[in-house]
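Colleague: The following block contains the structure, expressed as structure tokens.
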Amino acid sequence: MSMSRIVLCWSFIAAMLPGQQGLHAQNYPNKPIRILCIGPGGSSDFTARLIAPGISGPLGQNVIVDNRGGLLAMEDVAKAMPDGYTLLLAGGNFWTAPLIQNTSYDPERDYAAVALVTTSPALLVVHPEMPVKSVKDLIALAKARPGELNYSSATTGGASHLSAELFNYLAHTKIVRIPYKNTGQSITDLIGGHVQLTFAQTSAVEQYVKSGRLKALAVTSAQPSALAPGLPTVAASLPGYESVNFLGVFAPANTPTTIINKLNQEIVRFIARPEVRDKFWNTGVETVGSSPDALATAVTSDMARLSKVIKSLNIKAD
């Protein structure tokens with residue numbers, strides 16, 4: 001074997017040793033970082049593009065937002081080197097997708113949590129002519145008329161779909177789903193009286209609630225939300241109910257703790273700035289900025305809560 005090949009082999013072995021990995025972590029970052037998210041224009045894209053320039057300065061490297069379609073972002077990060085240069089910014093579809101279809105990744109096994117970035121509850125809204133004023137009224141009506149009430153939702157396994165089915169599951173009601181291709185059309189048909197209720201993000205329905213074209217009954221967070229002042233929680237009438245969208249940053253499993261902590265520190269520091277909080281607030285979400293463990297716990301809890309519903313109804317991806 002030539003001397004150059006021997007040197008190359010020993011260099012590769014040295015790079016794999018714990019001490020060398022620790023050295024690489026100490027020198028992190030020394031090249032650009034990529035944040036992968038799902039599709040342009042969505043909440044994860046908006047969040048990634050707000051965070052990327054905010055943390056690039058303190059980290060001393062460019063942070064690039066890379067949009068991928070479908071499951072590609074999740075799969076690519078799961079396969080990436082655990083060196084902190086490939087990150088994922090994702091929400092509920094990241095950990096619910098494996099519950100409704102076969103995926104090549106496991107959200108708990110293949111990733112390391114970095115930081116919980118934002119959280120946003122939904123509103124339970126009904127058509128104004130619905131003869132209900134509260135969640136208790138709705139449950140009573142649904143039980144008196146099983147299978148007659150319906151709700152609109154977009155993506156199968158998406159937030160509005162699972163929020164409604166969690167409601168059915170806990171309330172022992174049978175409110176029937178009317179699927180739509182997109183959220184906008186599902187809300188338009190609710191306003192038009194073609195369906196009777198939906199679960200939607202505050203930013204999507206707030207203007208219609210204020211104008212009286214929709215009636216809000218409750219907010220889906222476990223505790224009252226400043227995003228929906230004056231509204232009670234669904235849980236106040238239906239104990240155990242909680243359905244909140246949240247976005248978090250994840251790295252490949254086995255990423256060194258020093259790198260995870262450094263990323264967490266800069267993300268949390270950036271989203272705590274008042275002007276950043278205001279930008280998120282104006283889109284109907286609240287900034288959080290948690291520890292890695294808090295994000296991991298939130299994902300595990302959400303998966304456990306929703307898996308019962310998905311299995312009981314045998315929900316499968318379209």
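The values are calculated or read from the model by the stated rules, or taken from the named source; none is laboratory data. Quick caveat, the model's predicted, so the values are computed rather than measured. Quick reminder, even Gly has a Cβ in these numbers, built from the backbone with ideal geometry, and neighbours come from all protein chains shown. The accessibility values were calculated without ligands, DNA or RNA, using every heavy atom of the protein model including side chains. Shrake-Rupley method; radii C 1.70, N 1.55, O 1.52, S 1.80 Å.
Colleague: Can you pull out the residues in the stretch 140-157 that are open to solvent by 20 Å² or more (accessible area, probe 1.4 Å) and farther than 12 Å from residue 197 by Cβ?
Modeller: Within the stretch 140-157, 140, 143, 144, 145, 146, 147, 148, 155 qualify.
Results for (1) farther than 18 Å from residue 95 by Cβ; (2) over 17 Å from the mean Cα position of the chain (by Cα); (3) among the charged types (D, E, K, R), shown as yes or no for each residue.
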| position | (1), (2), (3) |
| --- | --- |
| 201 | yes, no, no |
| 215 | yes, yes, yes |
| 277 | yes, yes, yes |
| 288 | no, no, no |
| 298 | no, no, no |
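Colleague: Among the numbered criteria (1) open to solvent by less than 40 Å² (accessible area, probe 1.4 Å); (2) within 27 Å of residue 107 (Cα to Cα), which one does residue 191 miss?
Modeller: Unmet condition: (2).
Colleague: Hey, another quick one. Please go through the stretch 224-240 and give me each residue that is touching a Phe, Trp or Tyr at 6+ places or on another chain (Cβ under 9 Å), at pLDDT 95 or above and assigned to a loop (DSSP other than H, G, I, E, B), ordered by number.
Modeller: 238
Colleague: Tell me the residue from 114, 125, 176, 135 that is under 29 Å from residue 253 (Cβ atoms) and modelled with pLDDT of 95 or more, please. Give the steps one after another, and end with the answer.
Modeller: Numbers: 125 fails: under 29 Å from residue 253 (Cβ atoms); 176 fails: under 29 Å from residue 253 (Cβ atoms); 135 fails: under 29 Å from residue 253 (Cβ atoms).
It is 114.
Colleague: Continuing with this model, one more query. How many residues does the stretch 285-310 hold that are part of a helix (DSSP H, G or I), among the small types (Gly, Ala, Ser) and surrounded by 17 or more Cβ atoms within 10 Å (Cβ to Cβ)? First the steps, then the outcome.
Modeller: Step one: filter the stretch 285-310 for residues part of a helix (DSSP H, G or I), giving 292-310.
Imposing the further condition that a residue be among the small types (Gly, Ala, Ser) reduces the set to 294, 296, 298, 301, 304, 307.
The next check asks that each one be surrounded by 17 or more Cβ atoms within 10 Å (Cβ to Cβ); those that pass are 296, 298.
Within the stretch 285-310, residues that are part of a helix (DSSP H, G or I), among the small types (Gly, Ala, Ser) and surrounded by 17 or more Cβ atoms within 10 Å (Cβ to Cβ) number 2.
Colleague: Shifting gears a bit: Can you confirm whether residue 173 is of a type in the set (Val, Ile, Thr), open to solvent by 10 Å² or more (accessible area, probe 1.4 Å), part of a loop (DSSP other than H, G, I, E, B) and under 20 Å from residue 120 (Cα atoms)? Give the steps one after another, and end with the answer.
Modeller: Numbers: of a type in the set (Val, Ile, Thr): yes; open to solvent by 10 Å² or more (accessible area, probe 1.4 Å): yes; part of a loop (DSSP other than H, G, I, E, B): yes; under 20 Å from residue 120 (Cα atoms): no.
For residue 173, the condition - of a type in the set (Val, Ile, Thr), open to solvent by 10 Å² or more (accessible area, probe 1.4 Å), part of a loop (DSSP other than H, G, I, E, B) and under 20 Å from residue 120 (Cα atoms) - is not met.
Colleague: Name the pairs: first residue in the stretch 61-81 and farther than 18 Å from residue 248 by Cβ, second residue assigned to a helix (DSSP H, G or I), Cβ to Cβ under 6 Å, at least 6 apart or on different chains?
Modeller: Matching pairs, first to second residue: 62/56.
Colleague: Report yes if residue 36 is in a strand (DSSP E or B) and under 26 Å from residue 222 (Cβ atoms), otherwise no.
Modeller: In short, no.
Colleague: Let me confirm something: among 197, 162, 166, which residue is touching a residue at least 60 places away in the same chain (Cβ under 8 Å), over 14 Å from residue 310 (Cβ atoms) and buried (at least 23 other Cβ atoms within 10 Å of the Cβ)?
Modeller: Values: 162 fails: over 14 Å from residue 310 (Cβ atoms); 166 fails: over 14 Å from residue 310 (Cβ atoms).
Matching residue, one of 197, 162, 166: 197.
Colleague: Taking the criterion of being among the aromatic types (Phe, Trp, Tyr) and either over 20 Å from residue 128 (Cβ atoms) or touching a Cys at 6+ places or on another chain (Cβ under 9 Å) (or both), would at least one residue in the stretch 168-175 satisfy it?
Modeller: The first filter runs over the stretch 168-175 and keeps only residues among the aromatic types (Phe, Trp, Tyr), leaving 169.
Of the ones still in play, those that are also either over 20 Å from residue 128 (Cβ atoms) or touching a Cys at 6+ places or on another chain (Cβ under 9 Å) (or both) are 169.
Scanning the stretch 168-175, I find at least one residue that is among the aromatic types (Phe, Trp, Tyr) and either over 20 Å from residue 128 (Cβ atoms) or touching a Cys at 6+ places or on another chain (Cβ under 9 Å) (or both), so the answer is yes.
Colleague: Being of a type in the set (A, V, I, L, M) and at pLDDT 90 or above is the filter here, so list the residues in the stretch 31-72 that pass it. Reasoning before the result, please.
Modeller: Here is the first cut: in the stretch 31-72, the residues of a type in the set (A, V, I, L, M) are 33, 35-36, 38, 48, 50-52, 55, 59, 63-65, 71-72.
Those that are of a type in the set (A, V, I, L, M) and at pLDDT 90 or above: 33, 35, 36, 48, 50, 51, 52, 55, 59, 63, 64, 65.
Colleague: Residue 184 fails exactly one of the following numbered conditions: (1) open to solvent by less than 50 Å² (accessible area, probe 1.4 Å); (2) under 21 Å from residue 235 (Cα atoms); (3) not aliphatic (A, V, I, L, M). What is the number of that condition?
Modeller: (2)
Colleague: Just need a number here: residues in the stretch 229-282 that are without any contact (Cβ under 8 Å) to a residue 24 or more places away in the chain and open to solvent by less than 40 Å² (accessible area, probe 1.4 Å).
Modeller: The qualifying residues number 2.
Colleague: Is it fair to say residue 124 is in contact with a Leu (Cβ under 6 Å, 6 or more places away or on another chain), within 30 Å of residue 148 (Cβ to Cβ) and assigned to a strand (DSSP E or B)?
Modeller: Details: in contact with a Leu (Cβ under 6 Å, 6 or more places away or on another chain): yes; within 30 Å of residue 148 (Cβ to Cβ): yes; assigned to a strand (DSSP E or B): yes.
In short, yes.
Colleague: Condition test on residue 221, is it hydroxyl-bearing (Ser, Thr, Tyr), in a helix (DSSP H, G or I), crowded, with 21+ Cβ neighbours inside 10 Å and in contact with a strand residue (DSSP E or B) (Cβ under 9 Å, 6 or more places away or on another chain)?
Modeller: no
Colleague: I would also like to ask the following. Is one or more of the residues making up the stretch 95-115 in a helix (DSSP H, G or I), aliphatic (A, V, I, L, M) and either over 21 Å from residue 245 (Cα atoms) or in contact with an Asp or Glu (Cβ under 7 Å, 6 or more places away or on another chain) (or both)? Quick ask: steps written out before the conclusion?
Modeller: Narrowing the stretch 95-115 to residues in a helix (DSSP H, G or I): 95-100.
In the following step, the residues that additionally are aliphatic (A, V, I, L, M) were identified as 97, 99-100.
Next, only the ones that are either over 21 Å from residue 245 (Cα atoms) or in contact with an Asp or Glu (Cβ under 7 Å, 6 or more places away or on another chain) (or both) stay: none.
Checked against the condition, which is being in a helix (DSSP H, G or I), aliphatic (A, V, I, L, M) and either over 21 Å from residue 245 (Cα atoms) or in contact with an Asp or Glu (Cβ under 7 Å, 6 or more places away or on another chain) (or both), the stretch 95-115 yields no hits at all.
Colleague: While we're here: Any idea which residue in the stretch 50-89 is nearest to residue 106 (Cα to Cα), counting only those that are part of a loop (DSSP other than H, G, I, E, B) and open to solvent by less than 40 Å² (accessible area, probe 1.4 Å)? Show your work before the answer.
Modeller: Taking the stretch 50-89 as the starting set, the residues that turn out to be part of a loop (DSSP other than H, G, I, E, B) are 60-62, 69-71, 80-85.
Subset that is open to solvent by less than 40 Å² (accessible area, probe 1.4 Å): 80, 84-85.
Values: 80: 14, 84: 19, 85: 20 Å.
Of everything passing the filter in the stretch 50-89, 80 is nearest to residue 106 (Cα to Cα).
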